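One structure is given below, encoded as structure tokens.
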Amino acid sequence: MSATWLELPDRPGRPLALALGNFDGVHLGHQAVLSALGAAGDLLPAALVLDPHPRQVLRPEEPLQLLTTMPERAALLHAYGVKAAYRLPFSDEVRNMTPEAFVREVLHERLGVRLVVVGSSYRFGHRAAGDVAALRRLGRALDMEVRVAPALRIGGEVVSASAIRRQLGAGRLAMARRRLGRPYQIGGMVVHGEGRGRRLGFATANLALPAGKLRPADGIYAAFAGPPGGRWQMAAVHLGPRPMFGPEPVVEVHLLDGGDDLYGRHLEVALVRRLRPARAFASLDALARQMANDVTEARRWLGEEARLPRAVEPATWL
């Protein structure tokens, strides 16, 4: 099956082993849940995700920036062994389902699930009334096995999407990467900018990020970049406002060894290291000198990174 989202069918042709969760980021904790699907025998390994994220609906006054867009999440779930990724719209009907109704009507009657895998903190049903104990009780009544992946801790802290969001927001890429199991990626269409980078000797591709995608702390980053299915290239990336030119946040990608015209194409960027915060300079010449230093520093860090095993597919970085 392709790495896309499926709408819920009426009884798939093959019984399911189903992972439940939001899976934003598909981090190491999520990967532990997904790995339990691998020992499911003849069952089809699948995942079910609510969309939009329940927090975006239940707490709209607290904007939630996500680690992964839905297409990114589908690609990652499939890369980690999921064969069928189901999207369940978080409608009023679903939102108001009791835990009993969710398990019986969605999991048992609609999907024919034989095995359910969740994390230890999983909650479900109206007002999150259902927990792991309730899921086990309901599963026994429907001849549905329930497996629970224990919480994964790194540095004494449970690995979670919310913790990774905080780390990225503070520019702590190494901490976030350790919990994701890969560099954090952003991506978007290349759009026309104002051409200032080219005039300074450092042409950039300007990215339009998808709405709701988390942008890490403002600053200058060393990264790898490339179109989906294409070749990774070393890059220096500016995220956030440009102190000398205006407050509007931008994503500018400078390919260190040049590249083709990317306008109108999608570009993926894997952020490797935050080199420095953005700041204003006394003159454009001083800015150009600092940009040259940034390129040198980025090339040094990325040369070290290039010695590590990594894939060449920008869509997943696995």
Checklist line | Cβ charges +1 (Lys, Arg) and -1 (Asp, Glu), total dipole of region 183-305, debye | finding: 200
Item checked: Amide H contacts under 5 Å for Ala203, placed H, 5+ residues apart -> none
Checklist line | Selection of GluC sites (Glu not before Pro), region 1-81, meeting DSSP coil and at most 13 other Cβ within 10 Å | finding: Glu61
Notebook entry, point to check: Can you give the calculated 222 nm mean residue ellipticity of the chain, where each DSSP H run of n ≥ 4 adds -39,500 (n - 2.57) and the sum is split over every residue, rounded to the nearest 500 deg cm²/dmol?
Noted result: -7000 deg cm²/dmol
Note to self: Over all directions, the average projected area of the alpha-carbon convex hull for region 120-195 comes to how many nm²?
What the structure shows: 9.2
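Here, each number is a calculation from the coordinates, and none is a lab measurement. In this text the structure is predicted, and so the values were computed from the model without any measurement. Here Cβ is always computed from backbone atoms with ideal geometry, including for glycine, and neighbour counts include all displayed protein chains.
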